[in-house]
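Working notes, structure below.
Values quoted throughout were computed directly from the atomic coordinates according to the rules given, and no laboratory measurement underlies them. Here the structure is a predicted model, which is why all the values come from computation and not from measurement. Neighbour counts are summed over all protein chains in view; Cβ atoms, including those assigned to glycine, are modelled from backbone coordinates with ideal geometry.
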Amino acid sequence: METRIKIQEIEPEAFQAMYALENYVRNSGLDKRLYELIKIRASQINGCAFCLNMHTKDARKLGETEQRIYLLNAWRETNLFSPEEQAILALTEEITNIREHVSEQTYNEAINVLGEKTTAEAIVAAITINAWNRIAITTKMLPKD
């Protein structure tokens with residue numbers, strides 16, 4: 001597959017803005033392992049090979065297990081994910097599949113389990129990875145070895 005334009009070279013200011021958002025989320029206080037789960041799950045839904053490759057490696061470095069990574073797309077069918085992780089994954093899925101909108105049930109569960117601050121951080125995190133996915137998919141960024 002041939003890659004397309006490199007936005008980071010043609011429009012570096014756009015990438016700087018994306019990195020600023022990424023840095024905000026990274027420093028927001030959201031648990032780094034939770035953030036990697038958000039990134040992986042959204043990237044699975046969006047079919048972003050570049051981001052899946054990057055974030056599964058990052059998750060492993062943070063101690064995430066192979067089993068949980070492999071079963072992430074079927075998280076509802078396992079008992080491997082905590083209530084906090086389940087709330088974040090449900091929220092991430094509904095933000096990523098925004099056409100269906102984020103349900104009151106999912107939103108309220110996130111608030112009840114995570115609290116307002118972590119819910120806000122998770123919302124911004126899911127929005128951020130979805131933006132990155134769209135850049136990588138549209139420009140056909142290739143996974144790095």
Would you be so kind as to identify all helices of the chain, as entire DSSP H runs, whose Cα atoms reach 15 Å or more along the helix's own axis and whose mean Kyte-Doolittle hydropathy is at least 0.0? 104-138
Work out, step by step, the length gained on full extension between residue 73 and residue 145: first 0.36 nm times the residue separation, then minus their alpha carbon distance; give nm to one decimal. 23.6 nm
Given the -39500 (n - 2.57) contribution per DSSP H run of 4+ residues, what per-residue ellipticity at 222 nm results for the chain, rounded to the nearest 500 deg cm²/dmol? -22500 deg cm²/dmol
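Quick one: order 75, 132 by neighbouring beta-carbon count within 10 Å, fewest to most. Walk me through the numbers before you get to the answer.
Details: 75 18, 132 23.
By the 10 Å Cβ count, ascending: 75, 132.
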The stretch 14-69: translational diffusion in µm²/s, Stokes-Einstein, Kirkwood Rh over Cα pairs, 10 °C, 1.306 mPa s: 134
log₁₀ of I(q)/I(0) at q = 0.14 Å⁻¹ - the chain, Debye sum with one point per alpha carbon: -0.66
